[in-house]
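The values are calculated or read from the model by the stated rules, or taken from the named source; none is laboratory data. The structure displayed is predicted, hence computed values, not measured ones. Glycine also receives a Cβ, built like all others from the backbone with ideal geometry; neighbour counts cover every protein chain displayed.
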């Protein structure tokens, strides 16, 4: 079987940022984390956790570390999606970067009868926020600055993003083909 998920970044709008993916049912939560990193365009440079509704909800699923202040309830490399996701329309939360607090709502849209060899992305919308931009508030601020060439920080933010002089940036950009090319090696 396979699972069809919609994963949406919370507190980011105009445009919203979401991805619709199909994954093998036997994927571990750690591999699911890596998949989310790929389809959103994150750089996998921060800690993460899965949990039912957000911080403090149980069970927490993450990779445990010796120096963890609070250990996760389940090890993400050992827990399979099928152990948590059992019914269509079920939701769960994925939190990436505990400083910027990128909170994603995961919805199991469909349980498909077909087996698949590797995951793929069906659809998506919106540019993933850059790492370390300050969370949803910082991303909204960044979008405002980039949309206004006369803003005093416009050039600085373009430089921070590594944009060339003639290169455009848009909050609505999403390249489905590029994401699926990356997933072929998953």
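Listing for the model above:
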| quantity | calculated |
| --- | --- |
| Looking only at the stretch 102-122, and only at residues there that are over 16 Å from residue 9 (Cβ atoms) and in contact with a helix residue (DSSP H, G or I) (Cβ under 6 Å, 6 or more places away or on another chain), the one that is surrounded by the most Cβ atoms within 10 Å (Cβ to Cβ) | 119 |
| Number of positions in the stretch 170-186 that are assigned to a helix (DSSP H, G or I) and surrounded by 12 or more Cβ atoms within 10 Å (Cβ to Cβ) | 5 |
| For residue 41: the one exception among (1) under 13 Å from the mean Cα position of the chain (by Cα); (2) more than 20 Å from residue 137 (Cα to Cα); (3) buried (at least 19 other Cβ atoms within 10 Å of the Cβ) | (2) |
| Which numbered condition residue 149 fails, given (1) exposed (fewer than 12 other Cβ atoms within 10 Å of the Cβ); (2) modelled with pLDDT under 95; (3) under 24 Å from residue 36 (Cα atoms) | (3) |
| Failed item in (1) within 23 Å of residue 50 (Cβ to Cβ); (2) modelled with pLDDT under 95, with residue 121 passing the rest | (2) |
| The lone exception for residue 99 - which of (1) part of a loop (DSSP other than H, G, I, E, B); (2) surrounded by 14 or more Cβ atoms within 10 Å (Cβ to Cβ); (3) in contact with a helix residue (DSSP H, G or I) (Cβ under 8 Å, 6 or more places away or on another chain) it fails | (2) |
| Among (1) part of a strand (DSSP E or B); (2) modelled with pLDDT under 95, the one test that residue 115 misses | (1) |
| Elements of type strands (runs of 3 or more DSSP E) in the stretch 1-87, at least 2 residues being in contact with a strand residue (DSSP E or B) (Cβ under 9 Å, 6 or more places away or on another chain), touching a residue at least 60 places away in the same chain (Cβ under 8 Å) and under 22 Å from residue 135 (Cα atoms) | 2-9, 18-24 |
| Of all residues in the stretch 145-169 being part of a helix (DSSP H, G or I) and under 22 Å from the mean Cα position of the chain (by Cα), the one that is farthest from residue 4 (Cα to Cα) | 160 |
| Some residue of the stretch 50-61 being crowded, with 18+ Cβ neighbours inside 10 Å and under 30 Å from residue 172 (Cβ atoms) | yes |
| Lone qualifier among 38, 34, 61 - being touching a helix residue (DSSP H, G or I) at 6+ places or on another chain (Cβ under 6 Å), closer than 19 Å to residue 120 by Cβ and modelled with pLDDT of 95 or more | 38 |
